[in-house]
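Working notes, structure below.
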Amino acid sequence: MTQSQNRQPDQNPQEAENRQDPRWKVIHADMDAFFASVEVLDDPSLKGLPLIIGHPGPRGVVSTASYEARKFGVHSALPSTEALRRCPEGVWRSPRGGRYGEISRQVMQVFREFTPLVEPLSVDEAFLDIEGSLKLYGGAIAIAHQIRERVFEQTGGLTVSIGVAPNKFLAKLASDLDKPDGLTVVDPDGIQELLDPLPVQKIWGVGPKTTRQLNDLGLHRIEDLRNAGLEFLMRRWGERSAQHLWALAHGRDSREVHEPESSKSISTENTFTVDIMKGSDSDKFLRNAAEEVCQSMRQQGFRARTVRLKVRASSFRTLTRSKTLDTPFIDAATLYNTGRELLTHVDLEAEGIRLLGLGVSGLVHASQPIQGQMFISELEPARDATVTGLIDQSRSDSRVPPLKRGSLLSPPPEKSGGGKGAAIEKSDQEETL
């Protein structure tokens, strides 16, 4: 049994009581066309249009697409040139990682209102272990309804599709069966009836290559795979892969929901439509990247010690540089100036820059005391915190234009603003497509 629900809570208490089952202990929540939906949220004039998030150049790929664009066959990871061919009237918007991250944190916080056991898979989806919350909130169905309501309210109108099931595989499968804005519940006593008619690519981990191999053997549906037998699968894929396929084909998944480890790094990168050179174009990226990374760092309550730069040349050589500073920082000016310094130590041998990335690691909690330094006024950290707070406040108030540090608006000095740090670490490696 599967069932779809709208956002309205159940009106019949007896019906809700009948639909409680302690075996419903895992939820998979997946935001609907997340990047595209955020763009529509911020610009309602885009509503109803075939919206494509990505870069329409020859090197671009689609990040995501609205459901209107998906009707033309446009989907994530599709080359932009193919997306343009399939949907020539599509409306394109460049990804805004900082904004998506901001909304993602709001959504994840809603999930944690109902259980501390939240395992994000990406910025727009997560598993929730609700076994310990069933009695508190009146059962799994009630929790699912409340999550959808809270996400809608907290984000100002975004929707989430939810799958409720006995395990992670079935919950993830269910959340995709009734998109967008759907709620699908897997009957623990009707698992095989749900799985058997589905194509084999619905099994978690079965990609295009394995799908073709299974289809070539005449295995198109999950029922076909089960009827083939475990020994047949083991002869072709080995014991481990065969056991995996066999268990999921029967709806069995013993994996638990795990909270993620604390963030170890924060970064952003961009592949340019046309190769750029060191100078104004690279500076523009570094300025914007520094603002985005530091805003994310502050929202998560971290400072950073290490700045990391990633450069991919026209020949696909990938070079990295890093520098660890004496004092943990949280401001974009320090990150930008240090990143700019690192770029001067990258020898491109007259090649252009295909990809540029800027990030931080060595994260420490912002509440951790910072050791004082000789010749630095005690007022400087307080002044920097005040300026940073004003910048963040301006970004959250749509009535005023966002503030920026003056040091990010004018040509910076050649010397890094990050202070004295360790020697710059280098890494040059060859990468191919």
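The values are calculated or read from the model by the stated rules, or taken from the named source; none is laboratory data. Keep in mind that what you see is a predicted model, and the values were worked out from it rather than measured. Here the Cβ positions follow ideal geometry from the backbone for every residue, glycine too, while neighbour counts run over all protein chains shown.
Do the conditions hold for Val293, that is, is it part of a strand (DSSP E or B) and crowded, with 19+ Cβ neighbours inside 10 Å? No. Can you tell me which residues in region 206-237 are among the small types (Gly, Ala, Ser) and modelled with pLDDT under 90? Residue satisfying the conditions is Gly207 alone. Yes or no: Val74 at pLDDT 95 or above and out of contact with any strand residue (DSSP E or B) (no Cβ under 8 Å at 6 or more places or on another chain)? Considered against the rule, which asks whether it is at pLDDT 95 or above and out of contact with any strand residue (DSSP E or B) (no Cβ under 8 Å at 6 or more places or on another chain), Val74 comes out as no. Does region 100-136 hold any residues that are of a type in the set (Asp, Glu) and either outside any loop (DSSP other than H, G, I, E, B) or surrounded by 21 or more Cβ atoms within 10 Å (Cβ to Cβ) (or both), and which are they? Residues satisfying the conditions are Glu102, Glu119, Asp124, Glu125, Asp129, Glu131. At least 2 residues being closer than 13 Å to Trp24 by Cα and either assigned by TED's automatic domain parsing to the domain that holds Ser66 or modelled with pLDDT of 95 or more (or both) is the threshold, and among the helices (runs of 4 or more DSSP H) wholly inside region 138-205 those reaching it are 140-155, 168-175. Taking each residue of region 216-240 that is without any contact (Cβ under 8 Å) to a residue 40 or more places away in the chain and looking for partners that are surrounded by fewer than 14 Cβ atoms within 10 Å (Cβ to Cβ) and small (Gly, Ala, Ser) with beta-carbon atoms closer than 7 Å, six or more apart or interchain, yields Asp224/Gly218. Scanning region 111-144 for residues that are closer than 20 Å to Leu158 by Cα and free of Cβ contacts under 8 Å to residues at least 12 places away in the same chain yields Arg112, Leu121, Ser122.
Any chance region 51-67 includes a residue that's modelled with pLDDT of 95 or more, on the phi < 0 side of the Ramachandran plot and either part of a loop (DSSP other than H, G, I, E, B) or not assigned by TED's automatic domain parsing to the domain that holds Phe152 (or both)? Among the residues of region 51-67, at least one is modelled with pLDDT of 95 or more, on the phi < 0 side of the Ramachandran plot and either part of a loop (DSSP other than H, G, I, E, B) or not assigned by TED's automatic domain parsing to the domain that holds Phe152 (or both), which makes the answer yes. Please find, within region 137-166, the residue that is nearest to Leu195 (Cα to Cα) out of those that are over 22 Å from the mean Cα position of the chain (by Cα), crowded, with 19+ Cβ neighbours inside 10 Å and of a type outside the set (Gly, Ala, Ser). Restricting to residues being over 22 Å from the mean Cα position of the chain (by Cα), crowded, with 19+ Cβ neighbours inside 10 Å and of a type outside the set (Gly, Ala, Ser), the top hit is Pro166. Of all the numbered requirements in (1) among the β-branched types (Val, Ile, Thr); (2) assigned to a strand (DSSP E or B); (3) at pLDDT 90 or above, Thr273 misses one, and that requirement is (3).
Taken together, the residues in region 158-209 that are in contact with a Ser or Thr (Cβ under 9 Å, 6 or more places away or on another chain) and free of Cβ contacts under 8 Å to residues at least 12 places away in the same chain amount to 1.
Give the residue, chosen from Ser76, Ser45, that is part of a helix (DSSP H, G or I) and assigned by TED's automatic domain parsing to the domain that holds Gly157. Every option except Ser45 fails the conditions. Just need a number here: residues in region 58-86 that are under 14 Å from Thr273 (Cβ atoms), touching a residue at least 60 places away in the same chain (Cβ under 8 Å) and either surrounded by fewer than 19 Cβ atoms within 10 Å (Cβ to Cβ) or in contact with a Lys or Arg (Cβ under 8 Å, 6 or more places away or on another chain) (or both). Total satisfying the criteria: 2. Kindly indicate the residue of region 206-237 that is assigned to a helix (DSSP H, G or I) and touching an Asp or Glu at 6+ places or on another chain (Cβ under 7 Å) and also surrounded by the most Cβ atoms within 10 Å (Cβ to Cβ) among those meeting that condition. Filtering first and then ranking leaves Ile222. Apart from one condition, Asp326 fits all of (1) modelled with pLDDT under 90; (2) within 27 Å of Ala366 (Cβ to Cβ); (3) under 22 Å from the mean Cα position of the chain (by Cα); the exception is (3). Among the residues making up region 341-363, a single one is buried (at least 23 other Cβ atoms within 10 Å of the Cβ) and assigned to a helix (DSSP H, G or I): Leu342. For Leu286, state whether it is in contact with a Gly (Cβ under 9 Å, 6 or more places away or on another chain), in a helix (DSSP H, G or I) and either crowded, with 19+ Cβ neighbours inside 10 Å or at pLDDT 95 or above (or both). So Leu286 fits the description; yes.
Determine whether Gly97 is of a type outside the set (A, V, I, L, M, F, W, C), surrounded by fewer than 16 Cβ atoms within 10 Å (Cβ to Cβ) and outside the structural domain of Asn270 (by TED's automatic domain parsing).
Criteria not met by Gly97.
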